[in-house]
Each structure stands twice: as structure tokens, then as C-alpha cells.
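The values are calculated or read from the model by the stated rules, or taken from the named source; none is laboratory data. It should be emphasised that the depicted structure is a prediction, and the values quoted were computed from it without experimental measurement. Cβ placement follows ideal geometry from the backbone for every residue including glycine, while neighbour counts extend to all protein chains displayed.
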Amino acid sequence: MSTHAEPPGTVSRFHTCPLCEANCNLEIRVHDREIVSIRGDDADVFSHGYMCPKAPALAQLHDDPDRLRSPMIREGDSFREVGWDEAFAEVERRLLPILERHGRQSVGVYLGNPSAHHVSLGLYTRVLLHALGTHGIFSASTVDQMPKQVSAGLMFGTALSVPLPDLDRTDHLVILGGNPMVSNGSLMTAPDVKGRLRAIRARGGRIVVVDPRRTRTAEEANEHVFLRPGTDALLLAAMVHVLCAEKLVRPGRLAEHLSGLDEIERIAAGFPPEAVAHACGVDAATIRRLARELAAARTAAVYGRIGTCTQEFGSIASWLVDVLNVLTGNLDRPGGAMFARSAVGPANTQGAPGRGKGVRLGRWKSRVRGLPEAFGELPSACMAEEIETPGEGRIRALFTVAGNPALSTPNGARLTRALASLECMVSLDIYLNETTRHAHVILPGASGLEQPHFPFAFTSLAVRNFARYSRPAIEPAPGAMPEWRSLLRLAAIASGQGAAADVDALDDFVFEQQLGKSLSSPHSPIHGRDPSEIRAATAPVRGPERLLDLAIRTGPWGDAYGARPEGLSIAKLLASPHGVDLGPLEPRIPEVLRTPSGRIELAPEPLVGDLERLRAFLRESSSRDGMVLVGRRDLRSNNSWMHNLETLVAGRPRCTLQVHPDDAARLGLADGGRARVRSRAGDVEAPVELTDAIMPGVASLPHGWGHDVEGTRLGVARAHAGVNSNRLADEGIVDPLSGNAVLCGIPVEIAPA
Ligand SMILES: Nc1nc2c(c(=O)[nH]1)N[C@H]1C(S)=C(S)[C@@H](COP(=O)(O)OP(=O)(O)OC[C@H]3O[C@@H](n4cnc5c(=O)[nH]c(N)nc54)[C@H](O)[C@@H]3O)O[C@H]1N2
Ligand SMILES: Nc1nc2c(c(=O)[nH]1)N[C@H]1C(S)=C(S)[C@@H](COP(=O)(O)OP(=O)(O)OC[C@H]3O[C@@H](n4cnc5c(=O)[nH]c(N)nc54)[C@H](O)[C@@H]3O)O[C@H]1N2
Ligand code: SF4
Ligand SMILES: [Mo]
């Protein structure tokens with residue numbers, strides 16, 4: 001950090017980076033509302049000074065002249081900046097007639113990835129959803145991790161009971177379809193993943209990476225196994241087979257908490273390594289060795305990410321990952337795959353410990369294709385048809401909240417046409433981009449550093465228990481509207497209270513509801529206490545801070561409003577700007593379970609029922625021999641929306657089609673030349689990059705690009721446009737249980753352009 005140039009009066013603000021799941025803590029030097037510098041917070045209990053190259057770009061993001069600062073209303077093909085009252089009045093004018101004429105199901109909502117990062121969005125979108133009362137809820141989850149939530153829900157009873165690799169203690173880590181050296185980890189909050197992975201090897205442990213590309217993570221590992229995209233479920237089933245056939249099943253302490261072990265053995269019998277080897281592109285001897293090494297390791301964790309989720313067998317693969325963790329006795333033990341205990345009191349800490357209602361999937365179905373809901377959401381892959389198809393319940397109005405589905409969901413071309421046909425579209429976003437250009441009203445949020453931050457979703461996914469709260473590092477600009485207030489005003493419009501409703505009163509109502517729930521739950525630590533006492537003791541700041549204070553203090557680490565004085569509260573977190581370390585993950589079985597049986601459901605019926613599809617895929621696998629497409633990530637990119645920052649897009653273009661030299665020779669492609677890639681859904685043209693780091697038969701194109709469209713305000717991104725890989729993803733195919741889109745293993749034809 002260059003301290004010499006600091007103006008007098010520069011101060012340090014500590015703030016959690018809002019960009020990715022690592023949630024690193026940053027030291028931001030601030031002068032008035034100016035950012036002087038950004039560096040990792042050396043004193044942080046969890047990130048220990050680590051940050052990646054994206055964090056300093058938060059300053060450019062804050063200063064980006066293209067970032068929206070006032071609401072906008074569309075007039076024809078252009079936008080006009082307006083005041084807040086006018087913007088909400090316009091929402092009301094467009095939305096109410098649709099609600100009146102066509103009912104609640106005619107409104108859809110798409111929630112993007114930052115809504116899982118920003119506490120203002122995370123805690124208040126649910127108020128809007130409740131007010132809307134629609135089934136038309138879509139999110140980035142169904143282009144991401146929904147299969148893992150489904151498998152976790154069915155096995156352990158709640159969607160966020162995701163087993164996390166105990167990175168800091170494991171002796172053996174198997175990574176399938178994840179590249180944490182580049183993504184910084186996902187469903188695994190672990191700042192400085194690089195340091196943590198290197199420490200595994202430094203202490204004599206072993207890392208195995210299964211990926212159709214030799215990734216940076218694979219280069220750090222002891223072993224890299226190339227795998228045909230979309231065949232993880234087969235590989236994992238064969239590993240289970242080996243454990244069962246060779247009597248290597250040792251669940252240990254878990255045995256008394258298991259249900260369905262016999263069923264697993266019966267299923268696994270049908271997947272010997274020799275039967276899947278060809279389909280997977282992995283020889284049987286390797287599969288057997290991987291299983292034996294897993295069984296022999298002192299402790300081990302199997303971890304699957306994007307590559308195992310965004311495919312046709314995402315739910316089965318996500319399930320079998322944890323079946324392996326259970327069968328080897330590694331689930332819920334130090335060094336294995338463990339559960340976090342989140343400070344905000346998620347479902348696996350509420351109600352009676354050890355047993356619960358479990359999860360029910362498919363409580364309703366999508367209107368056009370009849371796809372089942374999962375955790376209240378319909379697949380993003382069916383958003384376009386729900387907008388386009390006439391009939392009762394057709395989506396005519398859409399809210400997008402911090403999402404860019406035009407670039408991030410399958411068949412971007414079709415969805416783009418659908419968005420353009422909406423009668424009312426309202427976007428909460430900070431950019432006029434490929435999606436929001438279709439909106440009638442855009443309501444901008446503040447920049448990431450002008451918002452409070454608490455990793456409310458990621459404390460359920462962290463490899464070490466921790467809590468950290470940051471107030472805005474920079475005072476919000478005059479005239480800025482905190483997004484929770486925008487969401488409450490939208491909720492007021494949707495519920496008929498009108499655009500001019502009293503937002504503070506609404507917020508009080510939201511708080512009172514939470515308080516009421518907490519006081520009446522027999523398992524809450526404040527059960528039966530005097531509401532006025534709790535109300536008076538709660539953080540006086542309105543909005544997310546007050547809701548968080550209540551959630552944290554009544555959560556598993558909370559101070560229970562005085563009953564556990566050493567416990568957490570917002571006040572305590574404010575006094576701990578470098579975070580509070582709550583220690584390594586601890587065994588939680590059986591207490592963490594919320595299944596009706598009170599057991600780990602090793603063979604849940606919906607997943608077992610889906611296996612027939614996998615068997616059919618295996619039978620037909622010899623007839624598939626064409627090229628398939630996968631994605632990839634880049635350290636200096638973040639999905640679709642950090643491409644307007646010069647420091648992150650400078651240098652060689654990232655949006656290239658990676659192809660193996662053998663395939664290139666066969667297809668007539670040259671390094672640096674251009675290729676046309678065609679799938680059932682569409683086609684794109686991209687520059688070719690030859691590399692032997694990709695498996696023959698597989699090509700890779702990153703997602704989140706394709707910025708060369710009319711009507712956006714993205715000066716820098718347009719100059720580094722790339723192409724939208726999701727024009728190739730087929731919206732017609734999903735993982736049936738989770739509704740997750742299939743974004744890897746897409747059959748494509750590639751030819752010179
Ligand atoms: N082919 C392919 N497609 C993929 C993936 C893949 O691997 N391959 N990955 C998928 C995954 S994992 C994900 S999570 C999705 C992401 O899908 P989306 O969430 O739809 O897309 P993002 O690119 O994250 O867009 C985030 C949006 O939020 C806006 N934004 C940023 N900060 C804020 C804020 O503070 N407030 C508001 N209101 N808006 C803000 C940005 O301007 C941008 O419009 O993409 C998915 N799509
Ligand atoms: N720098 C950066 N960091 C990010 C993001 C970003 O865009 N950029 N996005 C963030 C988000 S929203 C998420 S969800 C996470 C995702 O985090 P990761 O899951 O670590 O993401 P990827 O780097 O896409 O890694 C997916 C890997 O799966 C491989 N793969 C593809 N198909 C298959 C398959 O069928 N089987 C197997 N075994 N592997 C396959 C790909 O080659 C790729 O290496 O990253 C987050 N962090
Ligand atoms: S790793 Fe993620 S959380 Fe950490 S600094 Fe980079 S973008 Fe931010
Ligand atoms: Mo994601």
C-alpha cells in the first residue's frame with residue numbers, strides 16, 4: 001500500500017469483499033467518500049490478509065462512470081434518469097393493471113447471484129416474494145448449485161446442510177468439477193484456498209482432481225484425472241461399487257444414524273468400473289485405485305462443484321459425493337466433510353435437534369413444461385417459455401434482482417426475445433446491461449462498499465465457523481436508496497399499499513414478524529420472553545442490521561439477549577472488525593439432521609428413482625462420440641458483470657474457445673483462427689486457443705461474455721465483448737429433480753468460421 005500519497009484524515013474501514021464466496025476481509029483506506037487504497041486485512045481471523053486481484057477493482061467499480069446512480073425509466077429505446085418517487089410510480093402504473101387483470105401468477109422474479117451476497121437483498125427479497133405470492137420464482141441457483149441443495153435436503157433434511165471439505169485438516173481431498181484455485185472456492189467458503197490446498201500437500205496429504213480440463217487446481221494436485229463431461233455420476237457410482245465389492249465400507253460412528261445402506265449396496269452392484277470406464281473416459285483400474293485410496297486415507301473429503309452440478313445428472317452426482325463421504329466414515333469427522341454451524345440460525349439449527357420435516361420437492365409444477373419446483377423455485381431454464389407461451393398464468397411482468405439471465409441462463413437468444421416482449425419489467429441492478437436494457441424501470445443499488453455486509457448465506461458454507469459484520473465502508477452517495485428500502489417499496493406496491501407507503505412502518509412490521517416467530521418457538525433461546533425487552537435491546541438501526549441482530553442473538557452462537565453474555569450480537573461484531581473466530585468445524589450428527597426419520601437418508605427415493613435415467617445414459621453412451629462443450633472461469637472475471645473495469649479486462653482476450661490440438665487438426669482449426677460453434681440451441685463464433693490442457697473431444701468457452709449488444713451502458717465491456725456461451729446451452733434439458741440447467745457437456749459441432 002502506498003501510504004505516502006494519503007491525504008490527511010484518511011481512515012481505515014474494514015469490509016468484507018462482496019464479490020465471491022471466499023468473503024475475504026479488506027482494509028479500505030477512505031478519505032471522505034474517496035477510496036484511497038484497498039488491501040487484504042492482515043488481522044482478519046479468517047482471511048489473514050488474503051485477497052485476490054478482483055478486490056482492488058472494487059474501487060474502480062465504485063468510481064465506474066457507467067455504474068447507475070439514479071433510477072431510470074425507459075422511453076422507447078432510450079432511458080431517462082428520474083427521481084425515486086417517479087420511478088416507483090411508474091412501477092405501480094405498469095404492474096397494478098397486470099395484477100388486477102391476470103393475477104399473481106402473471107408476475108415472475110429472477111434473483112441473481114449477488115442477492116446471495118448482499119444482506120440487504122438477501123433479507124428483503126423474501127418480503128417482495130411474499131407480497132407477490134407467485135410461483136414464478138427463478139434464480140441463479142438453477143444454473144448453479146440446486147442439485148447439491150436437493151441432495152443435501154433429501155439426505156440431511158435441509159437445503160443448506162451441505163457437507164464441506166474440512167480443508168485445513170484433511171489428508172486426502174478429491175475435487176470433481178471445481179477449480180478453486182481460480183474461483184476461490186464455492187460451496188466451500190475458504191479465503192486463500194491456494195494456501196489451504198498447498199498446506200494439504202505440505203503436511204503429506206494428497207489432492208486428486210477430476211476434470212475434463214487440466215486446471216490450475218489440477219496443476220496443484222498430486223493427480224489429475226481427465227473425465228468425459230457429464231459422467232461424474234457413473235464414476236462415483238463405480239467408486240461406491242468398489243467400496244462395497246471389496247468390503248471397504250466403514251461408516252464407523254455414523255452406522256447407527258444411517259438409513260438405506262443395503263439399498264446403496266444393491267444399487268452399486270449395477271455399476272462396476274469396467275461398465276462405466278468407456279463412458280467416463282477413465283480406465284477401470286484407475287477407478288478402483290481412486291476408491292481404494294479414498295478408503296485407505298486416514299481422513300478424506302470428496303467435494304463436487306459446478307462441473308458436477310450443471311449437468312444432466314447433477315443431483316445424482318451431488319448425492320453420490322456424500323455417499324462416498326459416508327461410506328468411508330468421513331462425513332462429519334475432522335478432516336472429512338463436515339457441517340458448519342452458522343451464526344444466523346439457518347434451518348439446521350432451528351426446531352427440535354436431530355429430526356424434522358425433511359424436504360418435499362415438486363409441490364407445484366411449471367405451467368408449460370410441468371417441471372417440478374425445488375425449494376420454492378422453478379428452473380431458470382423454463383423462464384423464456386413461461387413468458388412466451390399464451391394462456392392463463394403467462395408471465396407478463398418480471399422483476400430481476402441483481403441478475404443478468406440474458407447472459408447466465410440457457411438459450412440466451414430466446415430469453416432475450418422473451419424479455420423484450422414483457423409488458424412490465426423492473427430491474428434492481430447497478431448496470432444498464434444485456435438484461436436490464438429490456439426493463440421499463442431500473443432501480444440502482446449502491447456500490448458494494450456503500451452497503452452493509454454479513455455473509456449470511458456463506459456462514460453455512462464456511463470451512464471454519466466465523467462471523468463478521470461490516471457497516472458501509474463509504475457513506476452512501478446523497479440520493480442513493482438502500483436496496484432493502486427499494487424492495488419494501490416494491491412489496492408495498494405488490495400488496496396494494498401503494499408506492500407512497502411508509503417504508504419505516506413496513507420495516508417495523510417485518511421485524512415484528514421475525515420477533516414474534518422467535519418468541520413463540522419453543523426451541524428459541526428467547527422463547528416466552530417479554531417482546532418489549534427484546535425490542536428495546538435490539539440494534540436500533542433499521543433495515544438488515546436490526547434483522548441480523550435478532551437472528552444472530554437467537555442463533556446458535558448468540559448472546560440470547562443476555563442469557564449467554566459471552567455470545568454474539570451485532571454490537572459485539574461491530575467491536576470486532578477483524579471478525580470473530582468460532583473455531584474449526586465440529587461434528588454435528590445427529591443434532592444437525594432434520595429428516596423425518598432422524599437418520600441420514602443414504603438412499604432417498606427420488607434419487608434412487610432417477611437412477612434409471614443414468615442406466616439408460618450408460619447403455620447409450622457408446623453411440624455418443626461428437627464434441628462436447630464445457631465452461632471455465634478466470635481469476636480476473638466474475639460471472640458476467642465485472643467486465644466494465646479496465647484493470648480486469650486488460651490483456652489478452654479471455655473469451656476463447658479452447659480446443660485440443662488433435663481435435664483442431666481433425667476439424668481444421670488453427671490457433672488464433674476463428675471457429676463456429678453450433679448446438680441445438682444456437683451458434684456463436686469465437687477465437688480458437690489450442691491447448692493440450694483439455695481432454696480430446698471437449699472444447700471450453702467461458703460464460704458471462706457477449707457484451708456487443710445495443711442499448712447498454714457498458715463502454716469498457718463492449719470493447720472486450722466476447723460471445724455469450726449460453727446461446728449454446730439448451731434450455732430444453734435440465735437435471736429433472738433440481739431443475740438445474742445443463743451447462744457442461746453440451747453436444748456441439750465445431751468448424752472453421
Ligand atoms: N454456461 C455457464 N453459465 C453459467 C455458469 C457457468 O458456469 N456456465 N455459472 C452460473 C452461475 S454459478 C451463476 S451464480 C450464474 C450467475 O448468474 P446471474 O446472477 O444472473 O449473473 P451475474 O453475472 O452474477 O450478474 C449479477 C448482476 O447483478 C448486478 N449487481 C452487482 N452488484 C449488485 C448490487 O449490489 N445490487 C444489485 N441490485 N445488482 C448488482 C450486476 O450488474 C449483474 O447484472 O451464472 C450461471 N451461468
Ligand atoms: N474468478 C472467478 N471466481 C468465481 C466466479 C467467476 O466467475 N470468476 N464465479 C463464482 C461463482 S458464482 C461460482 S458458483 C463459483 C464456481 O466455482 P467452481 O465450481 O470452482 O467453478 P469453475 O472454475 O467453473 O470450475 C468448474 C470446473 O468443472 C469442470 N467441468 C466441466 N464439466 C465437468 C464435468 O462434467 N465433470 C467434472 N468433473 N468437471 C467438469 C470445468 O472444466 C471446470 O474446471 O465460482 C465463483 N468464483
Ligand atoms: S477471493 Fe473473492 S472474496 Fe476474496 S478478495 Fe477475491 S473476490 Fe473478494
Ligand atoms: Mo454461482
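What to note about this one:
- One residue from PRO410, PRO372, PRO390 being within 21 Å of the chain's Cα centre (by Cα) and surrounded by fewer than 24 Cβ atoms within 10 Å (Cβ to Cβ): PRO372
- No other residue among ARG67, ARG33 is away from ligand 4 (no atom under 16 Å from the Cβ), more than 29 Å from the chain's Cα centre (by Cα) and within 30 Å of THR712 (Cβ to Cβ) apart from ARG33.
- Some residue of the range 701-716 being in contact with a strand residue (DSSP E or B) (Cβ under 6 Å, 6 or more places away or on another chain), on the phi < 0 side of the Ramachandran plot and not small (Gly, Ala, Ser): yes
- Residues of the range 540-560 that are of a type outside the set (Ser, Thr, Tyr), part of a loop (DSSP other than H, G, I, E, B) and buried (at least 18 other Cβ atoms within 10 Å of the Cβ): GLY543, GLY555, PRO556, TRP557, ASP559.
- Residue within the range 492-508 that is within 26 Å of the chain's Cα centre (by Cα) and touching a residue at least 24 places away in the same chain (Cβ under 8 Å) present: no
- Scope the range 471-505; condition surrounded by fewer than 20 Cβ atoms within 10 Å (Cβ to Cβ) and farther than 30 Å from VAL30 by Cβ; matching residues: SER495, GLY496, GLN497, GLY498, ALA500, ALA501, ASP502, ALA505
- Hey, ALA55 within 16 Å of ligand 4 (Cβ to nearest atom) and assigned to a loop (DSSP other than H, G, I, E, B) or not: no
- Yes/no for GLU293 being over 14 Å from ASP211 (Cβ atoms) and without any contact (Cβ under 8 Å) to a residue 24 or more places away in the chain: no
- Of everything in the range 225-269 that is charged (D, E, K, R) and in contact with a helix residue (DSSP H, G or I) (Cβ under 6 Å, 6 or more places away or on another chain), the residue that is nearest to ligand 3 (Cβ to nearest atom) is ASP232.
- Only one of the numbered conditions (1) among the basic types (Lys, Arg); (2) part of a helix (DSSP H, G or I); (3) buried (at least 21 other Cβ atoms within 10 Å of the Cβ) is not met by LYS517, and that is (3).
- The condition of being crowded, with 24+ Cβ neighbours inside 10 Å and within 30 Å of ASN404 (Cβ to Cβ) holds for only one of THR189, THR170, that being THR189.
- Residue list for the range 287-309, restricted to those being of a type in the set (Val, Ile, Thr) and within 12 Å of ligand 2 (Cβ to nearest atom): VAL302, ILE306, THR308
- Residues that are basic (Lys, Arg) and assigned to a strand (DSSP E or B) within the range 176-221 comprise ARG206, ARG213, listed in sequence order.
- Some residue of the range 72-83 being in a loop (DSSP other than H, G, I, E, B) and modelled with pLDDT under 95: yes
- Whether a residue is out of contact with any Ser or Thr (no Cβ under 7 Å at 6 or more places or on another chain), within 16 Å of ligand 1 (Cβ to nearest atom) and charged (D, E, K, R) was assessed, and ASP63 passes this test.
- Only one of GLY157, GLY112, GLY133 that is modelled with pLDDT of 95 or more, of a type outside the set (A, V, I, L, M), more than 16 Å from ligand 1 (Cβ to nearest atom) and surrounded by 22 or more Cβ atoms within 10 Å (Cβ to Cβ): GLY157
- Filter result for PRO147 (within 16 Å of ligand 3 (Cβ to nearest atom), within 28 Å of SER342 (Cα to Cα) and either in contact with a Ser or Thr (Cβ under 9 Å, 6 or more places away or on another chain) or modelled with pLDDT of 95 or more (or both)): no
- Extreme residue, farthest from the chain's Cα centre (by Cα), among residues of the range 732-748 that are in a loop (DSSP other than H, G, I, E, B) and among the small types (Gly, Ala, Ser): GLY732
- Restricting attention to the range 628-646 and to residues that are over 17 Å from the mean Cα position of the chain (by Cα) and over 15 Å from ALA57 (Cα atoms), the residue that is farthest from ligand 3 (Cβ to nearest atom) turns out to be VAL628.
- Selection of the range 116-141 for residues being within 12 Å of ligand 2 (Cβ to nearest atom) and in a helix (DSSP H, G or I) yields ALA116, ALA140, SER141.
- Meets criteria (touching a residue at least 24 places away in the same chain (Cβ under 8 Å), touching a strand residue (DSSP E or B) at 6+ places or on another chain (Cβ under 8 Å) and surrounded by 15 or more Cβ atoms within 10 Å (Cβ to Cβ)) for LEU607: no
- Counted residues, the range 691-718 - those being in a loop (DSSP other than H, G, I, E, B) and either within 16 Å of ligand 3 (Cβ to nearest atom) or within 25 Å of the chain's Cα centre (by Cα) (or both): 8
- Residues that are under 17 Å from GLY83 (Cβ atoms) and among the aliphatic types (A, V, I, L, M) within the range 473-500 comprise ALA477, ALA480, MET481, LEU490, ILE493, ALA499, ALA500, listed in sequence order.
- Among the candidates ASP671, ASP662, ASP730, ASP692, residue that is modelled with pLDDT of 95 or more, in contact with a helix residue (DSSP H, G or I) (Cβ under 7 Å, 6 or more places away or on another chain) and outside the structural domain of ARG214 (by TED's automatic domain parsing): ASP692
- Checked against (1) within 16 Å of ligand 4 (Cβ to nearest atom); (2) of a type outside the set (A, V, I, L, M); (3) surrounded by fewer than 21 Cβ atoms within 10 Å (Cβ to Cβ), GLY270 passes all but a single condition, namely (1).
- HIS48 falls short on exactly one of the conditions (1) touching a Lys or Arg at 6+ places or on another chain (Cβ under 9 Å); (2) at positive phi; (3) more than 10 Å from ligand 3 (Cβ to nearest atom), and that condition is (1).
- Any hit, the range 571-587, residues being free of Cβ contacts under 8 Å to residues at least 60 places away in the same chain and either in a strand (DSSP E or B) or in contact with a strand residue (DSSP E or B) (Cβ under 9 Å, 6 or more places away or on another chain) (or both): yes
- Taken together, the residues in the range 561-585 that are over 25 Å from the mean Cα position of the chain (by Cα) and surrounded by fewer than 17 Cβ atoms within 10 Å (Cβ to Cβ) amount to 9.
- Conditions (1) over 22 Å from GLU434 (Cβ atoms); (2) in a loop (DSSP other than H, G, I, E, B); (3) not hydrophobic (A, V, I, L, M, F, W, C); number of the one not met by PRO18: (1)
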